[in-house]
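One structure is given below, encoded as structure tokens.
The values are calculated or read from the model by the stated rules, or taken from the named source; none is laboratory data. Keep in mind that what you see is a predicted model, and the values were worked out from it rather than measured. Glycine also receives a Cβ, built like all others from the backbone with ideal geometry; neighbour counts cover every protein chain displayed.
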Amino acid sequence: MKVVSTVSTVLLWLSPLSAAILVSSSAEGFAAGVTGGGDAEPQIPSDIAQLKEWLTDDTPRVIVLDKEYDFTESEGTTSGTVCASWGSGDNCQRIIQDDCGDSPSSQETWYTAGTTGIDVGPNKSILGDGDKGIIKGKGLRFRAGVSNIIVQNIQISDLNPKYVWGGDAMYFDESDLIWIDHVTTARTGRQHYTFGFATNTRITLSNNFIDGETPYSTGCDGYTYWGFEMVGAADEITLQNNYIYMTSGRSPALSGGTLLHAVNNVWDKNNGHALEGGDSNARGIFEGNVWQSVTTVVGEYNGRLFATPDSSSASECESALGRVCEENIVSDLSSISSYTDTSFFSDFSALTIAPATSASEALSRVPNNAGMGKL
């Protein structure tokens with residue numbers, strides 16, 4: 001009877017976890033229909049070794065993070081040449097690079113773990129418990145055909161922020177059907193979100209806090225340059241309800257053959273430029289967004305873009321989105337007034353389109369709702 005009683009007690013203890021830690025809501029936009037780990041029993045990894053084991057296997061899982069999982073020192077350190085390409089001040093980022101050219105060079109040491117992310121296997125839900133689910137010192141990678149993944153309500157942070165090539169928080173390369181939601185990324189060595197050259201399909205990034213405030217930056221001023229790198233051959237990305245704070249560029253860098261729907265995002269305190277991109281095949285619709293305290297909304301950009309500059313153009317979106325577009329809020333309307341290209345609208349026809357609210361509603365809601373702990 002004692003054994004039965006103990007087992008019953010354990011089951012009773014586990015049942016609140018199973019009931020409480022579930023995926024909240026469902027993905028909108030291109031990743032609609034993602035199920036992640038499905039109805040697998042939620043499990044809490046005991047340490048970083050077990051977390052890495054569960055993340056990388058092929059078993060459908062619901063993985064619950066209930067504490068800080070600190071990978072920072074887990075793989076030792078690496079030493080090598082770094083270049084002071086943007087200045088030698090205490091707050092300037094250095095780049096890990098053998099040949100510094102005319103820039104000052106030095107020998108320095110960084111944590112190895114941050115430089116490569118954990119390769120996440122298919123059919124996973126990675127969920128934070130309240131505001132406690134933190135992965136420190138190592139990012140996540142979605143590669144080699146991996147599909148059907150949900151990451152919700154966690155934080156990824158502190159990936160060698162002093163060093164470019166020190167680590168990406170999220171890396172996608174040949175992935176499909178992935179929803180990243182209510183995630184905070186902070187103090188990265190390089191990108192918050194990197195998309196590799198292979199195609200990534202049906203991706204939704206929603207309700208995330210891209211915290212660009214950093215002790216080291218290319219501008220030596222606390223604003224990160226490394227927001228989103230989108231260079232996939234034929235990527236499909238919904239960028240919805242994200243709070244993009246203290247960046248100076250690449251927010252996003254829309255390049256490659258990426259098709260982007262950016263809806264109801266708020267950019268705040270950008271002292272350089274938000275959008276950039278070097279490839280003519282990149283395409284994006286920007287609607288219902290807000291740029292406040294942003295020096296330049298669009299930097300050097302060579303792709304096609306529709307940015308709903310005024311109410312008269314809103315109805316043109318119907319052929320792409322099945323509804324009119326919401327207008328954007330920007331202090332200088334002329335900065336987006338020329339971006340009215342509709343030549344790529346048929347490319348949205350087979351995709352699920354995220355809904356939109358007004359930009360004013362996004363401004364009142366998104367900054368307080370984005371990131372870990374805001375479900």
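With respect to the conditions (1) surrounded by fewer than 20 Cβ atoms within 10 Å (Cβ to Cβ); (2) touching a strand residue (DSSP E or B) at 6+ places or on another chain (Cβ under 8 Å); (3) over 28 Å from Ile156 (Cβ atoms), Gly299 lacks only one, and its number is (3). Only one entry of Asp173, Asp168 meets the criterion of being more than 22 Å from Tyr223 (Cβ to Cβ) and of a type in the set (Asp, Glu), and that entry is Asp173.
Considered as a group, the residues in segment 55-84 that are hydroxyl-bearing (Ser, Thr, Tyr) and within 14 Å of Gln43 (Cβ to Cβ) include one that is surrounded by the most Cβ atoms within 10 Å (Cβ to Cβ), and that residue is Tyr69. Among the residues making up segment 157-201, those that are over 17 Å from Ala31 (Cβ atoms), touching a His at 6+ places or on another chain (Cβ under 9 Å) and of a type outside the set (Ser, Thr, Tyr) are Asp168, Ala169, Ala186.
Could you check, for segment 256-270, whether at least one of its residues is surrounded by fewer than 24 Cβ atoms within 10 Å (Cβ to Cβ), part of a strand (DSSP E or B) and of a type in the set (Asp, Glu)? The answer is yes; a qualifying residue exists. The C-beta contact set for segment 196-219 (first residue part of a loop (DSSP other than H, G, I, E, B), second residue modelled with pLDDT under 95 and surrounded by fewer than 24 Cβ atoms within 10 Å (Cβ to Cβ), distance under 9 angstrom, 6+ apart or interchain) comprises Asn207/Leu375. The single residue among Cys317, Cys325 that is part of a helix (DSSP H, G or I) and crowded, with 16+ Cβ neighbours inside 10 Å turns out to be Cys317. Scanning segment 342-375 for residues that are under 11 Å from Val290 (Cβ atoms), among the hydrophobic types (A, V, I, L, M, F, W, C) and either in contact with an Asp or Glu (Cβ under 8 Å, 6 or more places away or on another chain) or outside any helix (DSSP H, G or I) (or both) yields one hit, Ala359.
Among the criteria (1) at positive phi; (2) free of Cβ contacts under 8 Å to residues at least 60 places away in the same chain, the one Gly288 does not fulfil is (2). Select, from Thr352, Thr340, the only residue that is among the β-branched types (Val, Ile, Thr) and within 22 Å of the chain's Cα centre (by Cα). Checking each option against the conditions leaves just Thr352. Out of Val82, Val34, Val23, one residue alone is among the β-branched types (Val, Ile, Thr), within 30 Å of Phe348 (Cβ to Cβ) and touching a Phe, Trp or Tyr at 6+ places or on another chain (Cβ under 7 Å). It is Val34. Quick check on my filter: what residues within segment 80-139 are of a type in the set (A, V, I, L, M, F, W, C), in contact (Cβ under 8 Å) with a residue 60 or more places away in the chain and closer than 18 Å to Gln50 by Cα? Answer for segment 80-139, where residues must be of a type in the set (A, V, I, L, M, F, W, C), in contact (Cβ under 8 Å) with a residue 60 or more places away in the chain and closer than 18 Å to Gln50 by Cα: Ile118, Val120, Ile126, Leu127, Ile134, Ile135.
Taken together, Asp347, Asp341, Asp332 contain a single residue that is on the phi < 0 side of the Ramachandran plot, surrounded by fewer than 17 Cβ atoms within 10 Å (Cβ to Cβ) and at pLDDT below 95, which is Asp332.
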